[in-house]
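Below you'll find the structure, written out as structure tokens, and then a few comments.
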Amino acid sequence: MQNPPGEFYKILGVKISQLDIRQAVSRVFAWVENRQRVYVCVAPAATIVCAQDDPEYKKVVNAAAMVTPDGMPVVWLGRWQGRRVQRVYGPDFMRAVIETGQDQGIRHYFYGGTEQTLRKLTDNIRRDFPRARIAGSWAPEMIKIKEIEKREILDKINAADPDILWIGLGSPKQDFWMAAHRGLLSVPVMAGVGAAFDFLAGVKPQAPRWLQRAGLEWLFRLSCEPRRLGKRYLVGNARFIYFLLRGVLPKFWGKEKHD
């Protein structure tokens, strides 16, 4: 039985879409076909924690047309609420959309990362999905969170006429970026996919599937980049558990389930 379209559940006030990867891809194509301007966020536990610290960020995420359950803890919490949900992991979601979109002539644009990463990313996509249509790419200068991109760059993206604009700035920057630029770009769908650019370009290693299924991908990434990711995972994971114990678990079968 499929999940009803548009269904979601909440974790600490953050809306998470109740779906699997096939349904997520189908929604994207429907938005493209209808030329409906939307943005898509991916939500690991770090997104939930960040939203507790910043009410504005929570509003940005909750305003997205789809918020995918990107991390296994987010999936498990949905299932414990009785929801039918599977992990929709950013890199897998991006690959699935590109692969399936080959037959529909979907045009992709990539914004984020470095020029080297984008070159490797587009080379790998052309190798793996030879019929995929790449409208363009742009490696932005280091921009501040909530900063508006230069008009000439936005015009460049609009002129390329993509169907999907993939954003690889990392959260929460990419989510604020999509919300701020939604009205400035003609592309139907924007999707913030974090480190998916690095993984699909092959410039950073991905955790083995068994670690991902066990919810331990964070440990693999921490071992690869301890300096950059130490605070995010060690402090962030501890705070996630704290927030759950304080807020979600006592309400699991009460108000939270029905919000």
query = Pairs, please: C-beta under 9 Å, at least 6 apart or cross-chain, first residue without any contact (Cβ under 8 Å) to a residue 40 or more places away in the chain and in region 53-64, second surrounded by 19 or more Cβ atoms within 10 Å (Cβ to Cβ) and part of a loop (DSSP other than H, G, I, E, B)?
reply = none
task = Please go through region 162-205 and pick out each residue that is touching a strand residue (DSSP E or B) at 6+ places or on another chain (Cβ under 9 Å), assigned to a helix (DSSP H, G or I) and within 18 Å of ARG37 (Cβ to Cβ).
result = GLN174, ASP175, TRP177, MET178, ALA179, HIS181, ARG182
task = For residues that are within 15 Å of the chain's Cα centre (by Cα) and in a helix (DSSP H, G or I), tally how many sit in region 52-67.
result = 5
request  = Please tell me if ASP70 is over 19 Å from the mean Cα position of the chain (by Cα) and either acidic (Asp, Glu) or surrounded by 14 or more Cβ atoms within 10 Å (Cβ to Cβ) (or both).
outcome  = no
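Yes/no per residue for (1) of a type in the set (Ser, Thr, Tyr); (2) out of contact with any Ser or Thr (no Cβ under 9 Å at 6 or more places or on another chain); (3) under 19 Å from GLY90 (Cβ atoms):
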residue	(1), (2), (3)
GLU115	no, no, no
ARG151	no, yes, no
LEU154	no, yes, no
PHE176	no, yes, yes
MET190	no, yes, yes
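Only the coordinates and a few stated rules stand behind these numbers; no lab work does. This is a predicted model, so every value here is computed, not measured. Heads up, the Cβs are rebuilt from the backbone with ideal geometry, glycines too, and the neighbour counts pull from every protein chain shown.
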